[in-house]
1. Checking the cross-link filter: which lysines have an alpha carbon closer than 26 Å to that of LYS31, excluding same-chain neighbours under 8 positions apart?
2. Do any GluC sites (Glu not before Pro) in region 114-188 lie in a DSSP loop with no more than 15 other beta carbon atoms within 10 Å, and if so, which?
3. Contour minus end-to-end for GLU162 and LEU131, with contour as 0.36 nm per residue of separation and end-to-end as the Cα-Cα distance?
4. Translational diffusion coefficient of region 56-124 at 37 °C, 0.692 mPa s, Stokes-Einstein with Kirkwood Rh over Cα pairs, in µm²/s as a whole number.
5. Rounded, prolate or oblate: which one fits region 1-132, using the alpha carbon gyration tensor with axes a ≥ b ≥ c (rounded when a/c is under 1.5, else prolate when a/b beats b/c, else oblate)?
6. Please report the net charge: other residues with Cβ closer than 15 Å to the Cβ of ALA106, K and R +1, D and E -1.
7. Sorted by accessible area (1.4 Å probe), largest first, how do SER33, SER17 line up?
8. Can you tally the net charge around ARG78? Count Lys and Arg as +1, Asp and Glu as -1, for every other residue whose Cβ sits under 10 Å from the Cβ of ARG78.
Amino acid sequence: MKVTPLAIPDVLLIEPSRFGDARGFFSEVWKKSALSAAGLAVEFVQDNHSFSRDVGVLRGLHFQRPPHAQGKLVRVVRGRILDVVVDIREGSPTYGQHVTAEISAANWRQIWVPRGFAHGLITLEPDTEVLYKVDGEYNAEADGGIAWNDPALGIEWPLPVEGPTLSAKDANAPRLAEAGVIFPRGSW
């Protein structure tokens, strides 16, 4: 299992080994000891699965406020996404910056989204399925989002000509500057 920090070092690209033969393949997609050795000691409490029928389904940018924050390990089992992670930790040297990674069933990559970050994705293929493990249970009162198209974030989404397909929640999310302090110093 190869673990690579991205431009924001707390965000990790994880590439599990895949062993194939004429029957198919085998892969250890999560191994506590291997990821602990790479500095990721986490206990997952919930698995989530999303399906997006069309290209251009944009989900995000989502987070849960402390004390109900979640870290996420994201992977794609069918299709392809551009995954976006935004630092929303007050006082962080990378506050407001983002990293992206293409995650697909073909490239077998995963991305670790730590607590203190907003997470979003856009589907690049139809019938895309995303699985993610989280280290905190969902809490509706702590649920939040920031605008996917906030110009201050400068995210270059690969949008279809007709624009993204959004939920009402995502279409109406505030810009980061309007959201107030989400992850105050000391909470991360």
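The values are calculated or read from the model by the stated rules, or taken from the named source; none is laboratory data. If you're wondering where the values come from, they're calculated on a predicted model, not measured in any experiment. All Cβ positions, even for glycine, are placed from backbone atoms using ideal geometry, and neighbour counts span all protein chains on display. SASA here: full protein model, heavy atoms, side chains in, ligands and nucleic acids out. Shrake-Rupley method; radii C 1.70, N 1.55, O 1.52, S 1.80 Å.
1. LYS2, LYS72, LYS133
2. Taking region 114-188 and a limit of 15 other Cβ atoms within 10 Å, the loop GluC sites (Glu not before Pro) found are GLU137, GLU156, GLU162.
3. 8.5 nm
4. Result for D is 265 µm²/s.
5. It comes out oblate by the Cα gyration axes.
6. Around ALA106, the charge tally is -1.
7. SER33, SER17
8. -2
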